[in-house]
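The values are calculated or read from the model by the stated rules, or taken from the named source; none is laboratory data. The structure presented is a predicted model; accordingly, all values stated were derived computationally and were not measured. We place every Cβ from the backbone using ideal geometry, glycine too, and count neighbours over all the protein chains shown.
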Amino acid sequence: MPHGARCKALADWLLSTDPHRRIRMAMAGVSALLMLCCALLVNLMALAGLARKDWVGWWTLFTLLGLAVLLAMIRSGWSLRLRDPSLTQVQIRYALVCNAIGYAVLGEARGITPVILSLILMFGIFGMTARQMAGNMVFALAVFGTAIATVLWQGGPDHKPALELAYAAMIVLVLAGSTFIAIRLQRIRQRLMQQKRALTRALERIGHLATHDELTGLVNRRRMSELMHAEWQRCERNARPLVLALLDLDHFKHINDTHGHAVGDQVLQRFARTVQAALRSTDVLARWGGEEFVLMLYDTDPDHARPLLDRVRLRVQAQSIAAATQTVRATVSVGLAAGEPGESVEHILERADAALYLAKARGRNRVVQHGEPAPVDTGSLDGAPESLWPEI
């Protein structure tokens, strides 16, 4: 097996192949490595005669066994049943207990424990909240207070109360300083997260404005052109027709001139909601310009499109908006066209526009499909004279 493959296999065995567990194992491994280095340093001091070798030996065994258990819990996946699968708080508090015990057993070398304490707190300072850091400070004060009280109670011929007081003051300073930094970092992180969320919302808003009409909320012309070309390519591959319809509100200029642009905007908004409510979720309605709209019917045969558009027309006709002096109603004329093999989207739109022109010429408030013969006579509402709609 190549050397690189062996290294990868070893890393997978140690850290696991699960990406989240691998990250947790890597972080726990770095923490354990720091504690191992501290244990080696303490043992060197014991060999130099600065601490009792038997006490340091038991302390080393207790420290390394605890670290091994924590690593096994993370590697096996047992920690996944806990709220914190990384066991960050457990690791830090276990390290604090080991450090406090080390303070009690190190004798003349106990002055190194504040340095080890700062390493422990620094390791967890970025991943903890201010409340967790404050809880760890209280916990550390309790265990170190117990350790210091134990040292003072044991006494001894070389015991120096002033030095113990200096060590205690240094431990308190380390804890207070680390907690202050953690709180500051937490506030900075919160502020950055708020700014990130605000920026995300602003980008989403900009993206929406770039692709949607502000008044109606529909897809705008630019975005609709992209969607139609993409859908046309899919239709070409599947030998399906692309069905497009142009919808134009009848006498919309008269509505604006008579009732004002505010009422005209309400008519446009009501029209957009009414049409969308009658469509499938896959169909796309876009504001093409002014009172003109484009409808793309997804995976639809032209024969099925005509009844749908008639239902849309009748729903629009049934809507009304209360103006200052009278009720405003609107109707819509629709031109329908289906794409032919090799035909461009622009040409389909031209044929739909020609059908729309015929719908207007034949009396408005109707659906005309491109290429259909002109009706001889219709006594239905579809061909009703415009005098029936005085509000428009």
Residue pairs within 6 Å by beta carbon, gap of at least six or interchain, first lying in the stretch 31-49 and in the same structural domain as Leu87 (by TED's automatic domain parsing) and more than 15 Å from Ala104 (Cα to Cα), second of a type in the set (Phe, Trp, Tyr) and part of a helix (DSSP H, G or I), listed first then second, are Ser31/Phe123
Could we say that Arg364 is among the basic types (Lys, Arg), in a loop (DSSP other than H, G, I, E, B) and either modelled with pLDDT of 80 or more or surrounded by fewer than 17 Cβ atoms within 10 Å (Cβ to Cβ) (or both) here?
yes
Residues (under 25 Å from Ala130 (Cα atoms) and out of contact with any helix residue (DSSP H, G or I) (no Cβ under 7 Å at 6 or more places or on another chain)) located in the stretch 62-106
Leu80, Arg81, Leu82, Arg83, Asp84
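Every residue, every condition in (1) assigned by TED's automatic domain parsing to the domain that holds Gly363; (2) closer than 24 Å to Arg366 by Cα; (3) at pLDDT 90 or above; (4) touching a strand residue (DSSP E or B) at 6+ places or on another chain (Cβ under 7 Å), yes or no:
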site: Ala198; (1), (2), (3), (4): no, no, yes, no
site: His229; (1), (2), (3), (4): yes, no, yes, no
site: Trp232; (1), (2), (3), (4): yes, no, yes, no
site: Arg237; (1), (2), (3), (4): yes, no, no, no
site: Arg240; (1), (2), (3), (4): yes, no, no, no
site: Ala245; (1), (2), (3), (4): yes, yes, yes, yes
site: Asp257; (1), (2), (3), (4): yes, yes, no, no
site: Gly260; (1), (2), (3), (4): yes, no, no, no
site: Leu268; (1), (2), (3), (4): yes, yes, yes, no
Meets criteria (among the aliphatic types (A, V, I, L, M), outside any loop (DSSP other than H, G, I, E, B) and farther than 27 Å from Met122 by Cα) for Ala5:
yes
Would a scan of the stretch 141-164 turn up a residue that is surrounded by 15 or more Cβ atoms within 10 Å (Cβ to Cβ), closer than 19 Å to Leu34 by Cβ and touching a Leu at 6+ places or on another chain (Cβ under 7 Å)?
yes
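Yes/no matrix, rows are residues, columns are (1) within 26 Å of Phe293 (Cα to Cα); (2) surrounded by fewer than 12 Cβ atoms within 10 Å (Cβ to Cβ):
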position: Leu192; (1), (2): no, yes
position: Leu209; (1), (2): yes, yes
position: Ser225; (1), (2): yes, no
position: His261; (1), (2): yes, yes
Single residue of Leu10, Leu40, Leu47 found to be modelled with pLDDT of 85 or more and out of contact with any helix residue (DSSP H, G or I) (no Cβ under 8 Å at 6 or more places or on another chain)
Leu40
